[in-house]
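Below: one structure, written as structure tokens.
Since every read-out is calculated from the coordinates, none of them should be taken as a lab result. Model, not experiment: these values are computed from the prediction. Cβ: placed from backbone, ideal geometry, glycine included. Neighbour counts: every protein chain shown.
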């Protein structure tokens, strides 16, 4: 699986689900409407900047806070295909994978420092590689554990069969 898109960089740690999707919007059931409020707690123009296939690049512990499944739903319906971060909150990570919404890709902290906002990336999931088309550099991503990879390949936990 290859992904290609633009980076939207939020170079800070502990971006929580209240920032990814503020609480007042949890009553919205339409996913497209929900997506208009993605990242509103940190960037009011986020939904206007994102195109289908784009990426978020962020610091450690992305998705901490409440276990709201709305956060990865809002991000994926806004166009985000993957979040790149050195680490993820456990529940956010599993909500991304289990729902089949988007990919949580773990990277080295040094990778975070070398990729800039608006860089164009190409990611090869099978080879665990990132190619930054803008700056010509290559980086690696941590491979998914075997069970997680099977769930992702199935399109989410609901479609996974042992």
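Per-structure values
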quantity: Principal axes of region 70-162: Cα extent on each, largest first, Å; calculated: 40, 26, 20
quantity: Bins of 10 Å from zero: percent of alpha-carbon pairs in the chain; calculated: 11, 44, 37, 8, 0
quantity: Residue-span extension gain [residue 90 to residue 117] - 0.36 nm each, minus C-alpha spacing; calculated: 7.2 nm
quantity: Simple label model, 7 Å out from Cα along Cβ direction - residue 128 to residue 140, nm; calculated: 0.6 nm
quantity: Per-residue [θ]222 nm for the chain (sum of -39500 (n - 2.57) over DSSP H runs n ≥ 4, rounded to 500); calculated: -7000 deg cm²/dmol
